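Accompanying notes for the structure given below.
The values are calculated or read from the model by the stated rules, or taken from the named source; none is laboratory data. Just so we're clear, the structure is a prediction, and the values are computed from it rather than from any experiment. Here the Cβ positions follow ideal geometry from the backbone for every residue, glycine too, while neighbour counts run over all protein chains shown.
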Amino acid sequence: MALCVFGILWVMAGWWLASRGGHNGPPPAVSVLVLPVTNSTGDAERTAFCRQLDAEISKKLAQVQGVTVSAPLPLPPDPQQANKALEEQKKKVNGVLSGALSGTSGTLQLSAQLSDGGSGYRVWSHSYQAGNGDAAALADEVVSGLTTVLPGRR
């Protein structure tokens, strides 16, 4: 009987410490699906910049402790099947990062947003000026802003 009471108290103490943040372990891993940046500029040459930006954001986000980065899996050619496959991928991660590059050559702007993987609700969004075309510097800004809203990274 005493052993049973001790066991219950042990479990309750563990729950209490965990609920109060009393554990010193690393924060739980957060998974983010990084979708390709959409080129909305109308300038086909900006597509290469979008792909550079994809790679830089994925690389820099993967360097954040406790964050795992997922790239979209190849999608089937049928649009309905592709949409269904992408929705399934989104459900397997905590967050989905998407972005769109817009504007003209002198006034490029990146709009980035993070959505909850399960519900699809927008968690975070921000717009950045991409004037000088430096994908690495722009990726630094995006990842810096994004980490402020990732669980356990504030």
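Could you check Y128 against (1) among the hydroxyl-bearing types (S, T, Y); (2) farther than 15 Å from V32 by Cβ; (3) out of contact with any helix residue (DSSP H, G or I) (no Cβ under 8 Å at 6 or more places or on another chain); (4) modelled with pLDDT of 85 or more and say which number it fails?
Single failed check for Y128: (3).
Which number in (1) among the small types (G, A, S); (2) under 11 Å from the mean Cα position of the chain (by Cα); (3) within 19 Å of A55 (Cα to Cα) marks the one condition that S102 misses?
(2)
One line per residue, one yes/no per condition, for (1) of a type in the set (G, A, S); (2) at pLDDT 90 or above; (3) in contact with a Cys (Cβ under 6 Å, 6 or more places away or on another chain):
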residue	(1), (2), (3)
W15	no, no, no
N24	no, no, no
V34	no, yes, no
K59	no, yes, no
A62	yes, yes, no
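Can you work out which of the residues in the range 34-44 that are in a loop (DSSP other than H, G, I, E, B) and either among the hydrophobic types (A, V, I, L, M, F, W, C) or farther than 18 Å from E87 by Cα (or both) is nearest to the chain's Cα centre (by Cα)?
Taking the range 34-44 and keeping what is in a loop (DSSP other than H, G, I, E, B), we get 35-37, 40-44.
Those still in the list that are either among the hydrophobic types (A, V, I, L, M, F, W, C) or farther than 18 Å from E87 by Cα (or both) too: 35, 37, 40-44.
Working: L35: 9, V37: 13, S40: 21, T41: 23, G42: 26, D43: 27, A44: 26 Å.
Of everything passing the filter in the range 34-44, L35 is nearest to the chain's Cα centre (by Cα).
Evaluate the range 43-66: report whether one residue or more is farther than 18 Å from A137 by Cβ and touching a Leu at 6+ places or on another chain (Cβ under 7 Å).
No: the range 43-66 contains no residue that is farther than 18 Å from A137 by Cβ and touching a Leu at 6+ places or on another chain (Cβ under 7 Å).
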